[in-house]
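First comes the structure, then the notes that go with it.
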Amino acid sequence: LNYRKAHFVTSAPTLKQCPPDNALEVAFAGRSNAGKSSALNALTGSSKLARTSKTPGRTQLINFFEIEENRYLVDLPGYGYAKVPEAMKIKWQKHLDDYLTNRESLAGVVLLVDIRHPMKEFDRMILQWSIESHMPLHILLTKADKLKSGVGKQALNKLKNEVKEHDQVTVQLFSSLKKTGVTELAHHLDTWLGV
Ligand code: GDP
């Protein structure tokens, strides 16, 4: 698919308000600051595509970007956004759970993890959920440019080794800054989105 054609369609606060559930979509998840917006922008070649999701009030929404008819990228709320009250965080978690559990269109999840702080509690939760629900999961070790290449490869191999028994879980290095891994990510998404 030509991810450069991606354009914003809508923001949904809950599963009910998402577009009709008869398409194919890939959802991007991660802790706040993991580099999710930057990765979406790198993939789509847009400097502002995912910026909307960062404006206050939009951080808690499920943002839909259409690539072509019935093919979507979905930007999920960043987990652990610091500036909101605890009660609100719990509410988002519920909507996030609801989306992940019940969305028929969901073909796979891309989990963004800062390579310097791999696999914190939220990341492990998503991994566990993917294993239990057999949902394809592709983990991006982001900001790979922050580490020397040997150290980055070590982190990659460690995580690959950890998930090797689960065929539907894959891992790659990614850097939005250096544009490393963008093509690999696009190829992976193509397989999920049926092209
Ligand atoms: P989000 O909260 O997950 O959407 O994260 P952002 O995409 O806004 O990125 C968080 C911070 O990490 C920002 O300061 C980015 O400039 C920085 N960042 C994101 N991707 C990269 C990367 O590939 N390399 C480096 N060095 N910094 C990055």
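The values are calculated or read from the model by the stated rules, or taken from the named source; none is laboratory data. Computed from a prediction, not measured in an experiment: that's the story for all the values here. FYI the Cβ positions are ideal-geometry reconstructions off the backbone, even for glycines, and counts take in every protein chain you see.
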The residue that is nearest to residue 193 (Cα to Cα), considering only those in region 15-42 that are assigned to a helix (DSSP H, G or I) and within 12 Å of the ligand (Cβ to nearest atom), is 40
Checking residue 51 against (1) in contact (Cβ under 8 Å) with a residue 24 or more places away in the chain; (2) not in a loop (DSSP other than H, G, I, E, B), only one condition comes out false. Which one? (1)
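I need a count of the residues in region 51-109 that are of a type in the set (Val, Ile, Thr) and at pLDDT 90 or above. Before you say what the answer is, go through the steps one by one.
Of the residues in region 51-109, the ones of a type in the set (Val, Ile, Thr) are 52, 55, 59, 62, 67, 74, 84, 90, 101, 109.
Those still in the list that are at pLDDT 90 or above too: 62, 67, 74, 101, 109.
Looking only at that region, the number is 5.
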Filter region 147-161 down to residues that are surrounded by fewer than 12 Cβ atoms within 10 Å (Cβ to Cβ) and within 16 Å of the ligand (Cβ to nearest atom) and give me whichever is farthest from residue 137 (Cα to Cα). 148
Collect the residues in region 162-195 that are over 14 Å from the mean Cα position of the chain (by Cα), more than 16 Å from the ligand (Cβ to nearest atom) and not charged (D, E, K, R), keeping them in residue-number order. 163, 166, 168, 187, 191, 193, 194, 195
Determine which member of the set 141, 137 is within 14 Å of the ligand (Cβ to nearest atom), closer than 28 Å to residue 178 by Cα and touching a strand residue (DSSP E or B) at 6+ places or on another chain (Cβ under 8 Å). 141
Condition first: in contact (Cβ under 8 Å) with a residue 24 or more places away in the chain and within 17 Å of residue 161 (Cβ to Cβ). Now tell me which residues in region 112-129 satisfy that. 113, 115, 118, 119, 123, 127
Restricting region 67-82 to residues that are in contact (Cβ under 8 Å) with a residue 24 or more places away in the chain and either polar (S, T, N, Q) or out of contact with any Phe, Trp or Tyr (no Cβ under 9 Å at 6 or more places or on another chain) (or both), the residue that is nearest to residue 156 (Cα to Cα): 78
